[in-house]
1. Just need a number here: residues in segment 109-141 that are among the hydroxyl-bearing types (Ser, Thr, Tyr) and either surrounded by fewer than 15 Cβ atoms within 10 Å (Cβ to Cβ) or under 19 Å from Val266 (Cα atoms) (or both).
2. Report, by residue number, each residue of segment 142-180 that is in contact with a Gly (Cβ under 9 Å, 6 or more places away or on another chain) and over 22 Å from Leu104 (Cα atoms).
3. Quick one: which helices (runs of 4 or more DSSP H) sit completely within segment 163-246 and have at least 3 residues that are buried (at least 18 other Cβ atoms within 10 Å of the Cβ), over 18 Å from the mean Cα position of the chain (by Cα) and not hydroxyl-bearing (Ser, Thr, Tyr)?
4. For residues in segment 211-241 being within 23 Å of Val75 (Cβ to Cβ) and touching a Leu at 6+ places or on another chain (Cβ under 7 Å), which is modelled with the lowest pLDDT?
5. Looking only at segment 122-141, how many residues end up being farther than 10 Å from Gly70 by Cβ and not small (Gly, Ala, Ser)?
6. Which of the residues belonging to segment 256-286 are closer than 13 Å to Leu20 by Cβ and of a type in the set (Ser, Thr, Tyr)?
7. If we scan segment 263-279, do we find a residue that is at pLDDT 85 or above and among the hydroxyl-bearing types (Ser, Thr, Tyr)?
8. When only residues in segment 247-257 that are under 16 Å from Leu73 (Cα atoms) and not small (Gly, Ala, Ser) count, which is surrounded by the fewest Cβ atoms within 10 Å (Cβ to Cβ)?
Amino acid sequence: MTMRRWLQNLLAIDAGLARLILLAGVIFGVMAVMVPDKFLRPYNLISITYIAPELGLLAIAMMVAMLTGGIDLSVIGIANLGGILAGLFFHAVGGAHGPGLTDLGVGQVAAGIAIAIATGAIAGVINGVLIARLRITPILATLGSGQVFTGIALVLTGGPAIVGFPDGWTMIGNGALGVFAVPLLILLAVAGAIAGLMSRTPFGLNLVLIGTNAKAARFAGLRTRRALLLTYVLTGVLASLAGIILSARTNAAKSDYGVSYLLQAVLIAVLGGTDPAGGRGSVAGVIAALLALMLLASGMQLMRFSNFLVDAVWGAFLLASIALNAWQTRKR
């Protein structure tokens, strides 16, 4: 690649990211003018740093799946199932209520985290086998598996939420290190790790090549089935991390928590520059899109917009983003 070509690619990427940052700035300015007494309150801005990370992790998971030309619609089911299994473990070893539960030590909390992450990894293996080995279309495979994971969660809980987690667990969703929210630090750490994985390892390059042209990738000798399997293991682990933060923040786990997050995760991934057809996407774009949409959602809620109207706005944003991506692809 020539220096000129490298500079052109860099400027193109920066231009897309710059547009997202500008969008976030415009949204911030508009909301600050329309509801300044509420929107600019420190409490409102700080609360975003606790709520946004779980959605950001799901959006990064969606971006990773889309890089290969696929999608993972089971992330919500995985997130909730991981939180529920961890909650059942805590209730089994510490009791359903009281100090025996809230005062569980670091070892038990670490075991709960391991259970949730293992749940995500196993769910990812299931999705990977369905897609890479059985050649089921990703949208159908993950839609079906997501229903299975949600059904298992319903059977385990009987419907109601599992309420009550150890203090060490709830610190993950509500704690702070200095002035920074723990969920935000987790999101930034994971985002940095995924960005490095995608840009600096053969695995990340393979995902881009598979999404660009899967047949050519196979003819080039890439182990596409193995890469796809690992892709969905990774999205499952990311979903389980989101489930840990969600259950820790709410001190509860339920089979239908975060249902609206699925549309929002797809929207953020696409708005962040991820091509649904595969081959293009960046973690930085996802984070910038997350910031813009969280500011918009916060402002609309403060202005007491109907939740149905908010969902309609998300849908309109998604359609506009897909149309813009298609237009840019044809232009290139």
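1. Looking only at that region, the number is 1.
2. Result: Thr142, Ser145, Gly146, Gln147, Val148, Phe149, Thr150, Gly151, Ile152, Ala153.
3. Details: elements: 167-174, 182-200, 202-212, 214-219.
Where helices (runs of 4 or more DSSP H) fall fully within segment 163-246 and carry at least 3 residues being buried (at least 18 other Cβ atoms within 10 Å of the Cβ), over 18 Å from the mean Cα position of the chain (by Cα) and not hydroxyl-bearing (Ser, Thr, Tyr), they are 202-212.
4. Across segment 211-241, the extreme among qualifying residues is Gly211.
5. 10
6. Thr274, Ser282
7. Yes, segment 263-279 contains at least one residue that is at pLDDT 85 or above and among the hydroxyl-bearing types (Ser, Thr, Tyr).
8. Among those residues, the one meeting the criterion is Asp256.
The values are calculated or read from the model by the stated rules, or taken from the named source; none is laboratory data. Because the structure is a prediction, the values reported are computed rather than measured. Ideal geometry is used to build each Cβ from the backbone, glycine not excepted, and the neighbour counts take in all protein chains shown.
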